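Participant: Have a look at this one.
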Amino acid sequence: NQLSGDLDDNKIVDGASGERRIYRKRGEPEKKLGMQQRLPKRIIFAVDLSASMARMNGWDGRLDRMASGVIMLMEALSDPQFAHKFDYSIIGHSGARYDFPLVAFGDPPKNDDARALVVEDMYRHAKSATTGDNSLQAAICATAMVAEEQADDHLVFLLSDANLGR
């Protein structure tokens with residue numbers, strides 16, 4: 001359906017009847033922008049490990065759900081099919097810190113035991129954290145950390161139970 005190029009044999013009758021779009025274009029189709037990946041995508045997850053997460057966990061299970069989500073992320077990103085496409089880090093934030101390291105870039109947990117240690121660190125920090133909120137500082141820190149190296153995409157995910165409207 002092109003106006004110029006190689007004659008499409010299936011459109012000869014259409015050409016005889018006056019149709020002008022009877023040519024085809026040869027070659028590889030152009031890849032859409034963003035569909036080709038040269039470098040891994042850098043992703044950082046900043047998870048809430050504040051005292052409210054530990055305190056309210058018995059009531060609504062928010063820390064348990066956060067830990068389950070982190071486990072799913074680590075397992076999904078450890079799949080050998082995707083491991084070369086993503087470079088990720090996980091940090092925690094609480095009233096005490098905004099950059100508590102859980103998983104460093106380039107050093108993801110390699111097995112279930114290593115992932116379990118990450119989750120233990122999450123619970124330990126949340127239970128000993130002081131009151132307060134460093135969600136916005138964690139977002140600023142995570143943005144700076146993710147941009148330290150070149151990548152096709154830089155993504156920051158901030159997970160928090162904070163009332164940011166306040």
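The values are calculated or read from the model by the stated rules, or taken from the named source; none is laboratory data. Please read these numbers as outputs of a predicted model, since none were measured by experiment. As a convention, Cβ positions derive from the backbone with ideal geometry for all residues, glycine included, and neighbour counts pool all protein chains shown. When the accessible area is computed, the model is the full protein with side chains, heavy atoms only, and any ligands, DNA or RNA have been set aside. Shrake-Rupley method; radii C 1.70, N 1.55, O 1.52, S 1.80 Å.
Participant: With both partners inside the chain, how many of the DSSP beta bridges are antiparallel, as a percent to the nearest 5? Provide the component values of the computation, followed by the final result.
Facilitator: Details: 7 of 21 bridges.
That works out to approximately 35 percent antiparallel.
Participant: Report the calculated FRET efficiency for residue 161 and residue 99 (r = Cβ-Cβ distance, R0 = 30 Å), to the nearest 0.05.
Facilitator: Working: r = 18 Å, r/R0 = 0.61.
In this case the efficiency is close to 0.95.
Participant: Classify segment 1-60 as rounded, prolate or oblate, taking a ≥ b ≥ c as the square roots of the eigenvalues of its Cα gyration tensor: rounded when a/c is under 1.5, otherwise prolate if a/b is larger than b/c and oblate if not.
Facilitator: Numbers: a/c = 8.73, a/b = 3.74, b/c = 2.33.
Taking the square roots of the gyration eigenvalues as a ≥ b ≥ c, segment 1-60 is prolate.
Participant: If you fit an axis through the alpha-carbon atoms of helix 62-77 and take the longest principal axis of the Cα set of the chain, what angle between them do you get, 0 to 90°, nearest 10?
Facilitator: It is inclined by approximately 40 degrees.
Participant: Which three lengths, in whole Å and largest first, does the chain cover when its Cα atoms are put on their principal axes?
Facilitator: Answer, in whole Å and largest first: 81, 39, 32 Å.
Participant: If you don't mind, there's one more thing I want to ask. With a point put 7 Å past each Cα toward its Cβ, work out how far residue 12 is from residue 111 in nm, to one decimal.
Facilitator: Simple spin-label model gives 6.7 nm for this pair.
Participant: Show me the ranking of peptides 3-10, 147-154 by mean Cβ neighbours inside 10 Å, starting with the highest. Walk me through the numbers before you get to the answer.
Facilitator: On the way: 3-10: 10.2, 147-154: 13.2.
Taking the mean over residues of other Cβ atoms within 10 Å, the ranking is 147-154, 3-10.
Participant: Given the rule -39500 (n - 2.57) for each run of at least 4 DSSP H residues, summed and divided by the residues of the chain, what is its mean residue ellipticity at 222 nm, to the nearest 500 deg cm²/dmol?
Facilitator: On the way: 6 runs with 59 residues, N = 166.
Mean residue ellipticity at 222 nm (helix-derived): -10500 deg cm²/dmol.
Participant: For segment 1-154, with all protein chains present and a 1.4 Å probe, just round the carbon and sulfur fraction of the accessible area to a whole percent.
Facilitator: Values: 5150 of 9920 Å².
Answer for segment 1-154 is 52 percent, counting heavy atoms of protein chains only.
Participant: Within a Cβ distance under 14 Å of residue 111, other residues only, what is the Lys/Arg minus Asp/Glu net charge? Could you put the intermediate results ahead of the total?
Facilitator: Numbers: positive: 110, 115; negative: 75, 79, 107, 112, 113.
Taking every Cβ under 14 Å from that of residue 111, the sum is -3.
Participant: Sticking with this structure for a sec: What is segment 110-152 by shape, rounded, prolate or oblate, if you read a ≥ b ≥ c off the alpha carbon gyration tensor as root eigenvalues and call it rounded for a/c under 1.5, prolate for a/b larger than b/c, and oblate otherwise? Intermediate results must be reported in sequence, preceding the final value.
Facilitator: Values: a/c = 4.86, a/b = 1.16, b/c = 4.18.
Oblate.
Participant: Taking 0.36 nm per intervening residue step and subtracting the Cα-Cα distance, what contour gain separates residue 41 from residue 72 on full extension? Display every interim value, and only then the final one.
Facilitator: Numbers: separation 31, 0.36 × 31 = 11.16 nm, distance 1.81 nm.
9.3 nm is the gain from fully extending residue 41 to residue 72.
Participant: Hey, can you rank 39-52, 82-95, 127-140 by average C-beta count inside 10 Å, highest first?
Facilitator: Numbers: 39-52: 22.6, 82-95: 19.6, 127-140: 16.9.
Ranked from most to least packed, the peptides come out as 39-52, 82-95, 127-140.
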